[in-house]
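For reference, the structure is listed below as structure tokens.
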Amino acid sequence: MARRLAVALLVMVGLVVVTSARGGATGAAPCPRTALALVPGPRISPATGEWAIALAVRNVGAAACTVEGGTRVTLLDAARRALPVHPARVSQYVRRVPVRRLTLRPGQPAYLIVAQYRCDIGVADAAARLVLRLGAGPRAPVLVDTGSAPRHLALCRGGKNAPGGNVLTVTPLAARFPQLLP
């Protein structure tokens, strides 16, 4: 009898932990676009041949809300045309991180890293804007950065044959910045 009770309690505790890790136990609604701000994250020193930028998605709303951790980044040039860079999830800056739903309290940030190999043979077109889409579907929040993020990001001369192959590494969102680093 005592053993059954202990097992039942463990199962109940496990369900609560799993549910809250996925964001469901908090009862928080999905974050509307107006509750999110894209701001600079911690500084990252450039590694050999690669630039990286840390960004934070901060809840600027008055209530806790959830955000899907999956990220997609598009770089736009000054004419707002998408630069044809190729997405990746792992580089010398970042390790593979699972995509999770995160609950953000008011003022709380979640972090991501955008990294690209430098343009050794020159820049074909510089990024003027970084567009971040969180999650999938037509209701996915879209955030735009026209500030510091695009500074080192570009379409390199040489296309796929350029050193680094015009690959843009983008991590999913993480609750803590160190979770993204190797």
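Summing +1 for each Lys or Arg and -1 for each Asp or Glu among the other residues whose beta-carbon sits under 9 angstrom from that of Asp77 gives +2.
With the convex hull drawn over the C-alpha atoms of segment 65-182, the volume per residue is 109 Å³.
Quick check: the distance between the Cα centres of segment 42-79 and segment 115-145, to the nearest angstrom? One Cα centre to the other: 9 Å.
Where a number appears in this text, it was derived from the coordinates with a stated rule and is not lab data. Here the structure is a predicted model, which means the values were calculated and not measured. For neighbour counting, all protein chains shown are included, and Cβ atoms are generated from backbone atoms with ideal geometry for every residue, glycine included.
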